[in-house]
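Structure, as structure tokens:
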Amino acid sequence: MLDVMYFAWVRERIGEPRETVATEAATVADLVEELKAREPRYEAAFADLSALRVALDQELSDFDAPLAGVREVAFFPPMTGG
Amino acid sequence: MPMIRVQSEPFSLGDEAEAFAKGRTDTGAVVTFTGIVRDTGGMARMEIEHYPGMTEKAISGIVDQAMDRWSLDDALVIHRYGSLAPGERIMMVATASRHRVAAFEAAEFLMDYLKSRAPFWKKEFGPDGAEWVAAKDEDEDALSRW
């Protein structure tokens, strides 16, 4: 089971800030494909991966990264702090 | 010990700068930077969202790098989230060092990294509705100078 979190416009398109996902996905990209196959709102949120960033257990990562041992995945647009 | 605060409440620039600079005898320079919400054409307010947990970790990692690289005596980062109106202070950075060049450079480094590596997102509410602020290429490019 994975905790999946969404921030900013990704959260708005998906319609919730977090959910628990039962998945066997090997990588982040596999997880994205699984989610996109579920419902159009995921398709809308994940349409352009170049516009998205991903963090695994609160560390910035990338879409090729394996999910083994990961508990928390977060998807969000490029950050705009400062 | 560097201090990191992520908060929704306003902060006093004067009080923070005074407390940060106070009681130092081996520090020759304190630099402070303050970010202010700028009205970009009739903006009423801005909402800042963040990723609790990752925010503190990411800032702490950036501060640790600055402390090491410029052998700082101390550092402070305050970053707000929630609803902010134009003119309000979003964030501040302070660095303390023996010499001013290190204090200035470390403050710039912290600002460059906070802009694109700390998980905050800004949404502006203006006359034409609400819009997420897009990250700028130049903010990402700014990291390459470090």
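The values are calculated or read from the model by the stated rules, or taken from the named source; none is laboratory data. Remember, predicted model here, so these are calculated numbers, not experimental data. FYI the Cβ positions are ideal-geometry reconstructions off the backbone, even for glycines, and counts take in every protein chain you see. Just the protein is used for accessible areas: all its heavy atoms, side chains included, with ligands, DNA and RNA removed. Shrake-Rupley method; radii C 1.70, N 1.55, O 1.52, S 1.80 Å.
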task: Provide a list, ordered by number, of residues in the stretch A:47-82 showing at least 30 Å² less accessible area with every protein chain present than when their chain is taken on its own, using a 1.4 Å probe.
output: A:Q58, A:L60, A:M79, A:T80, A:G81, A:G82
message: Below 19 Å, Cα to Cα, which aspartates and glutamates can B:K22 reach? Residues fewer than 8 away in the same chain don't count.
response: B:D73, B:D74
task: Run down the aspartates and glutamates and flag those whose C-alpha is under 20 Å from the C-alpha of B:K136, throwing out any fewer than 8 positions away in its chain.
output: A:D48, A:D62, B:D39, B:E47, B:E49, B:E108, B:D112, B:E124
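I'd like the carbon and sulfur percentage of the solvent accessible area for the protein assembly as shown, probe radius 1.4 Å, heavy atoms only, ligands and nucleic acids excluded. Working shown, then result.
On the way: 5550 of 11410 Å².
The computed percentage sits at 49.
Quick one: longest stretch of chain B between exposed loop trypsin sites (Lys or Arg not before Pro), exposed meaning at most 15 other C-beta atoms within 10 Å and loop per DSSP? Show your work: numbers first, answer last.
On the way: sites that count: B:K22, B:R24, B:R38, B:R98, B:K136.
It works out to B:39-97.
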query: Under the Karplus relation 6.51 cos²θ - 1.76 cosθ + 1.60, θ = phi - 60°, what is the ordered set of whole-Hz ³J(HN,Hα) values for the stretch B:36-46, x standing for Gly and Pro?
result: 10, 5, 9, 7, 9, x, x, 5, 7, 6, 10
- request: Apply the Karplus parameterisation 6.51 cos²θ - 1.76 cosθ + 1.60, with θ equal to phi minus 60°, to every residue of the stretch B:15-21 and state each ³J(HN,Hα) to the nearest whole Hz, in sequence, with x for glycine and proline.
  value: 4, 5, 5, 5, 5, 5, 7
- prompt: Per residue, how much accessible area does the stretch B:3-145 have with a 1.4 Å probe, in Å²?
  reply: 50
statement: Whole-Å distance linking the alpha carbon centroid of the stretch B:1-71 with that of the stretch A:14-82 is 29
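State, in square angstrom and to the nearest 100, the accessible area buried between chains B and A, both chains counted, probe radius 1.4 Å.
Result for this pair: about 1800 Å² buried.
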message: Spelling out what I want: for every residue of the stretch A:38-47, take phi, set θ = phi - 60°, compute 6.51 cos²θ - 1.76 cosθ + 1.60 (Karplus), and round to whole Hz; glycine and proline get x.
response: 6, 8, x, 5, 6, 4, 5, 6, 9, 4
query: Setting aside same-chain residues fewer than 8 positions from B:K57, which lysines have a Cα under 17 Å from its Cα?
result: B:K115
